[in-house]
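Colleague: Here it is: the structure, laid out below.
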Amino acid sequence: MSELPQDSSGSDPFDEIVEAETERDPDLAVIEAGSRTLRTRGAAPQSDVPARPDDPETDKALREVETELASRWGETKLEPSVARIAALMDLLGEPQRAYPSIHITGTNGKTSTARMVETLLGAFDLRTGRYTSPHVQSITERISLDGAAIPAERFVETYRDIQPYVEMVDGQQEFRLSFFEVLTGMAYAAFADAPVDVAVVEVGMGGSWDATNVLDGDVAVVTPIDLDHTDRLGGTTGEIAREKAGIIKPGATVILAQQPVDAAQVMLKKAVEADATVAREGLEFGVVSRRVAVGGQLLTLRGLGGEYEEVYLPLHGAYQAHNAAVALAAVEAFFGVGSQRPEPLGIDTVRKAFASVSSPGRLEIVRRSPTVVLDAAHNPAGARATAEAVREVFDFSRLIGVVGASGDKNVRGLLEAFEPIFTEVVVTQNSSHRAMDADELAAIAVEVFGDDRVQVEPRLDDALEAAITLAEEEAEYAGGGVLVTGSVITVGEARLLLGGS
């Protein structure tokens, strides 16, 4: 591979960009080094992930908003209360009550499920708003209208529209509104202004005290619950479920993915208390069959209204099939299938919708020869699902892992999940202040993989170069590949670096 470019002064543009970006909130700043540093023979990132605005004035305005948001508490600093966001909604005239909503919680699969729900609703001619987090490349991804990220100009306008009310709440409350709370307010205001027919909203963390939980979701979706954020949500899946069950509102329909027994018990008890209707994966709905197909998989799904056969999903892995079953049941419940109306949704529309689903950064191929795959797994459960999918879909003779993780995660469990499929691992770190130091990560990796299978490259661009070189190293390994994983931020940065010219 060619050397990374240096500018005429001899300085390294990657270093300059990272130095500048690490001053910003990690969830706002995904480095833009890709356009000027590592260039590979990869496919361009999918068009549904926005780049920086082309117009300099718009880009400047967006950066100003990002800077202002970055001055607030980040998403990892929490004060468990909905008082601030409720106060903001009151001043804004309760925009979140201007449309029905589907509210999604869980540990893994929330964003993919939300994107599927959004696509299905859009296929049935409903105007949608989607709010998800974190973003892969651009903060504007978090707020989607009709399946596309909100334009940068509109993102800035929405922020400026609600800014006076945000400042009023800041002055009234013990703590200022956080980064996530302001974004949530922006999303709800943008959806009301559009206006949307239905909002698809993913929680940030937990449920009961999450900023999104000023909604009264008509449908509450719970994707699989596992151990994550245990310092904030609880040390068992049952304890975590108690927090996440907070999104279940009186009279709602609960779409419950397959869960650990203790989590399921908590959810069912909460549903009874709220007089909510429950549909459980494996009983009322589920995956009847699945088989690997070119570029994805072919499914037969059982919904609340019957079976849906020959559904092509252009995403890999059994977990994505289960996400599809959950998403389908959520949309059926929204339309009253299985309760007010006995007939299923139109099969042709369902097939067309699922065939157009995308989920950037989830087993996403961004380069060939060698194949480079990005996956945002960041906890042991997600890593196990990814490892299983890699075994099923790819026939790698040699797979090199590039892992950059956050320091507040169960990094050992994540590495142990990947150990059986990685020939070698290159440990690195992203530009976030939450990133685990590469040497600290390497020490854990050596304990899991052994010293001879671990390489340390603190800079992500160097790590990618090293992994690609290892994958190409010997002719007998013509089936070599690279999997970049460990954090959404790592994946987002790698996606830019591997974006192609």
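Colleague: In debye, nearest 20, what is the charge dipole magnitude of the range 141-280 about its Cα centre with +1 on Lys and Arg Cβ and -1 on Asp and Glu Cβ, if you could check?
Modeller: Value, rounded to 20: 380 debye.
Colleague: Using alpha-carbon pairs under 8 Å, 6+ residues apart, how would you state the relative contact order of the chain in percent?
Modeller: With pairs under 8 Å counted, the relative contact order is 18 percent.
Colleague: When ranked by the protection proxy of mean other Cβ atoms within 10 Å per residue, highest first, what sequence do the peptides 427-434, 295-302, 132-139, 265-272 form?
Modeller: 427-434, 132-139, 295-302, 265-272
Colleague: Please get the size of the charge dipole for the range 83-141, origin at its Cα centre, with Cβ charges of +1 on Lys and Arg and -1 on Asp and Glu, quoted in debye to the nearest 20.
Modeller: On the way: 6 positive and 5 negative charges, 22 e Å.
Dipole of the range 83-141, to the nearest 20 debye: 100 debye.
Colleague: Using a simple spin-label model with points 7 Å from Cα along the Cα→Cβ vector, what separation in nm is obtained for Val288 and Asp125?
Modeller: So the two model labels end up 2.8 nm from each other.
Colleague: Specify which residue in the list Val136, Val198, Val156 is farthest towards the positive end of the charge dipole of the range 127-223, using unit charges on the beta carbon of Lys, Arg (+1) and Asp, Glu (-1), about the Cα centre.
Modeller: Val136
Colleague: Expected output is a single nm value to one decimal: the length gained when fully extending between Ile347 and Ala98, i.e. 0.36 nm times separation in residues minus the C-alpha distance. What is it? Let's see the in-between values first.
Modeller: Values: separation 249, 0.36 × 249 = 89.64 nm, distance 2.99 nm.
Extra length available between Ile347 and Ala98 comes to 86.6 nm.
Colleague: Given points 7 Å out from each Cα along the Cα-Cβ axis, report the Gln340 to Glu473 separation in nanometres with one decimal.
Modeller: With each label placed 7 Å out from Cα toward Cβ, I get 6.1 nm.
Colleague: Can you tell me the relative contact order of the range 305-381? Whole percent, Cα pairs under 8 Å, sequence separation 6 or more. If you can, show how the numbers build up before the last one.
Modeller: Working: 60 pairs, mean separation 26.0, N = 77.
Once normalised by length, the contact order is 34 percent.
Colleague: Grab the other residues whose beta carbon is less than 10 angstrom from that of Val169, score K and R as +1, D and E as -1, and report the net.
Modeller: Cβ neighbours under 10 Å give a net charge of -2.
Colleague: For every helix of n ≥ 4 consecutive DSSP H residues, a contribution of -39,500 (n - 2.57) applies; sum these over the chain, divide by its total residues, and give [θ] at 222 nm rounded to the nearest 500 deg cm²/dmol.
Modeller: The helix-only estimate for the chain comes to -12000 deg cm²/dmol at 222 nm.
Colleague: Another question, if that's okay. Calculate the spin-label point distance for Gln172 paired with Thr300, positioning each point 7 Å from the Cα along the beta-carbon direction, and give it in nanometres.
Modeller: Between Thr300 and Gln172, the simple spin-label model gives 5.7 nm.
Colleague: Cβ neighbours within 10 Å, averaged per peptide: list 206-216, 109-119 in order, most packed at the top.
Modeller: Averaged packing, sorted descending, gives the order 109-119, 206-216.
Colleague: Let me ask you something else. Whole angstrom only: what separates the Cα centroid of the range 414-483 from the Cα centroid of the range 345-388?
Modeller: 21 Å
Colleague: Let me ask something else about it. Which ³J(HN,Hα) values in Hz, rounded to whole numbers, follow from the phi angles of the range 206-221 under the Karplus curve 6.51 cos²θ - 1.76 cosθ + 1.60, where θ = phi - 60° and Gly and Pro get x?
Modeller: x, x, 4, 9, 5, 4, 5, 7, 8, 7, 10, x, 5, 10, 10, 10
Colleague: Can you tell me what share of the DSSP beta bridges in the range 326-431 is antiparallel? A percent to the nearest 5 is fine. Write out the running numbers ahead of the final one.
Modeller: Details: 3 of 8 bridges.
Restricted to the range 326-431, the bridges split so that about 40 percent are antiparallel.
Colleague: A further question on this structure: Counting only heavy atoms of protein chains, what accessible area per residue, in Å², does the chain have with a probe of 1.4 Å?
Modeller: Value for the chain: 38 Å² per residue.
Colleague: Please give the contour-minus-distance gain from Gln163 to Asp452: 0.36 nm per residue of separation, less the Cα-Cα distance, rounded to one decimal in nm.
Modeller: Fully extending the segment from Gln163 to Asp452 adds 98.7 nm.
Colleague: Rank Ala114, Asn379, Gln455 by how far each Cα sits towards the positive end of the charge dipole of the chain (+1 on Lys, Arg Cβ; -1 on Asp, Glu Cβ) and give me just the farthest.
Modeller: Ala114
Colleague: Can you give me the C-alpha center-to-center distance between the range 279-304 and the range 308-330, rounded to a whole angstrom?
Modeller: The range 279-304 and the range 308-330 have Cα centres spaced 5 Å from each other.
Colleague: Classify the range 256-362 as rounded, prolate or oblate, taking a ≥ b ≥ c as the square roots of the eigenvalues of its Cα gyration tensor: rounded when a/c is under 1.5, otherwise prolate if a/b is larger than b/c and oblate if not.
Modeller: It comes out oblate by the Cα gyration axes.
Colleague: Tell me, what is the percent relative contact order of the range 350-501, built from C-alpha pairs under 8 Å that lie six or more residues apart?
Modeller: Relative contact order here is 33 percent.
Colleague: Something else now. Tell me, what % of the accessible area of the chain is carbon and sulfur with a 1.4 angstrom probe? Kindly include the intermediate steps, with their values, before the conclusion.
Modeller: On the way: 9150 of 19120 Å².
Its accessible area is 48 percent carbon and sulfur atoms.
The values are calculated or read from the model by the stated rules, or taken from the named source; none is laboratory data. Please read these numbers as outputs of a predicted model, since none were measured by experiment. As a convention, Cβ positions derive from the backbone with ideal geometry for all residues, glycine included, and neighbour counts pool all protein chains shown. Ligands, DNA and RNA are stripped out before the accessible areas are found, and what is left, the full protein with its side chains, is counted by its heavy atoms. Shrake-Rupley method; radii C 1.70, N 1.55, O 1.52, S 1.80 Å.
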